[in-house]
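What follows is a short report on a single structure.
The values are calculated or read from the model by the stated rules, or taken from the named source; none is laboratory data. Here the structure is a predicted model, which means the values were calculated and not measured. We place every Cβ from the backbone using ideal geometry, glycine too, and count neighbours over all the protein chains shown.
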């Protein structure tokens, strides 16, 4: 039997405001995490299957290309 290799096991979201993002995902949506602080460096949520992480957007951009990080694109409103 062929092993399925096309599976997403983690999603890292780059966030501009960690405190507000944590409040949204943990406190409003109810995602579970071991994080007890209000403004951590990064957050992992205890989701079944695919894991969700919040990470600072500026650091994520530098991680993608340290010499030429992509510019953040504002989220559209509406």
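Pull out all pairs, ordered by first then second residue, where Cβ-Cβ is under 6 Å, the residues are six or more apart or on different chains, the first lies in region 42-60 and is touching a residue at least 40 places away in the same chain (Cβ under 8 Å), and the second is in a helix (DSSP H, G or I).
54/21
Has region 12-32 got any residue that is in contact with a helix residue (DSSP H, G or I) (Cβ under 6 Å, 6 or more places away or on another chain), in contact (Cβ under 8 Å) with a residue 12 or more places away in the chain and more than 21 Å from residue 73 (Cβ to Cβ)? It would help to see each step written out before you state the result.
Residues of region 12-32 that are in contact with a helix residue (DSSP H, G or I) (Cβ under 6 Å, 6 or more places away or on another chain), as a first pass: 14-16, 31.
Then keep just the ones that are in contact (Cβ under 8 Å) with a residue 12 or more places away in the chain; that gives 14-16, 31.
From what's left, more than 21 Å from residue 73 (Cβ to Cβ): 31.
There is at least one residue in region 12-32 that is in contact with a helix residue (DSSP H, G or I) (Cβ under 6 Å, 6 or more places away or on another chain), in contact (Cβ under 8 Å) with a residue 12 or more places away in the chain and more than 21 Å from residue 73 (Cβ to Cβ).
Let me spell it out: the conditions are (1) over 11 Å from the mean Cα position of the chain (by Cα); (2) modelled with pLDDT of 90 or more; (3) closer than 26 Å to residue 62 by Cα, and residue 10 meets all of them except one. Which number is the exception?
The number of the failed condition is (1).
Among the residues of region 13-38, which ones are within 17 Å of residue 60 (Cα to Cα) and surrounded by fewer than 14 Cβ atoms within 10 Å (Cβ to Cβ)?
Passing the criteria: 13, 16, 17, 19.
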